[in-house]
Amino acid sequence: MWDRIVPDETVTDSETDSEVWRLANRPIATEGRWKLDEWDGTTVADATDHGIDATLHGDPRTAWNTAENDITFSPGVRLDGADEYIEAPGPVLRTDRSFTVAAWVRLDETGEGVDTTALSQVGEFQSAFHLGYQGSRGAWVFKTAPHDDAPTSGSTGWTYAYSSTAARLGEWTHLAGVYDHTSGELVLYVNGFEESRVAVDHAWHAEGPLRIGSAQHGGSNTHHWTGDIDDVHAYQGVLKDRDLSQVYMGEFPNIRG
């Protein structure tokens, strides 16, 4: 609540966003960052002051000391696509409000039947969002479920933001997904550039953990990632182009405004 009128329009000629939008989406709140540069064990450190350390569900001997991001020159985690994933206790984000997630990814498997998730936050039956790869399109995707439905409901009513360029096997790629609750949009960025912007009219809060390398779908932990993931970010609020360029470079964005 504010003790004055808050206009849903720009205040000065130099601004591009209304005051309502700015109050709803800025400043950004850093909720978690997992650099995935561990070398042993199953504890995955959170680089923020929230201390939301995650847990590797997999073999540390193959997960660590194998993946190397040849763009940022930083280590990552390698997941086998069968049942390995990383889970941070949650909820990390309010998924019914504006949020931004990002990660470096590299795929070891693509194709028509491959749907795989790099990052999600789970509910009972579904994840509220998936950031990853959609095999039917051969594209990167940021998608949201309409509600936390029963396992028999399938994927009816989902919203998909697909990349306009094809996903490439074996290449490190930076993905970022933005949900703007105020404008009702999903936005997908690939390597720092906006690739897709679609309208979305549904949002719900997933009260479960944040998963790196898998997602909840139909009541099961599935869509396991085959390949490498590096430097996962999670923010409450909308990151813009200049913010995402900092995330792409491995930095925290300017969260003040």
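The residue of region 45-70 that is surrounded by the fewest Cβ atoms within 10 Å (Cβ to Cβ), among those that are in contact (Cβ under 8 Å) with a residue 40 or more places away in the chain and among the hydrophobic types (A, V, I, L, M, F, W, C), is Ile52.
Only one entry in Trp34, Trp21, Trp104 is of a type in the set (Phe, Trp, Tyr) and at pLDDT below 95, namely Trp21. The residue of region 208-242 that is farthest from Asp96 (Cα to Cα), among those that are modelled with pLDDT of 95 or more and among the charged types (D, E, K, R), is Asp228.
How do the strands (runs of 3 or more DSSP E) wholly within region 208-257 filter down when requiring 3 or more residues that are among the charged types (D, E, K, R) and crowded, with 19+ Cβ neighbours inside 10 Å: which remain?
On the way: elements: 210-212, 215-217, 220-222, 226-236.
Filter on region 208-257 gives 226-236.
From the list Thr156, Thr182, the lone residue that is without any contact (Cβ under 8 Å) to a residue 12 or more places away in the chain, more than 27 Å from Ile71 (Cβ to Cβ) and not in a strand (DSSP E or B) is Thr156.
May I ask you to list the residues in region 193-207 that are part of a loop (DSSP other than H, G, I, E, B) and at pLDDT 95 or above? So that I can check it myself, show each step before the final result.
Step one: list which residues in region 193-207 are part of a loop (DSSP other than H, G, I, E, B), which gives 200-207.
Val200, Trp204, His205, Ala206, Glu207 - these are the residues of region 193-207 that are part of a loop (DSSP other than H, G, I, E, B) and at pLDDT 95 or above.
Which of the numbered conditions does Pro146 fail, given that it passes all the others? Conditions: (1) more than 23 Å from Lys240 (Cα to Cα); (2) at pLDDT below 95; (3) in a strand (DSSP E or B). For Pro146, the exception is condition (3).
The values are calculated or read from the model by the stated rules, or taken from the named source; none is laboratory data. All of these numbers come straight from a predicted model, not from anything done at the bench. FYI the Cβ positions are ideal-geometry reconstructions off the backbone, even for glycines, and counts take in every protein chain you see.
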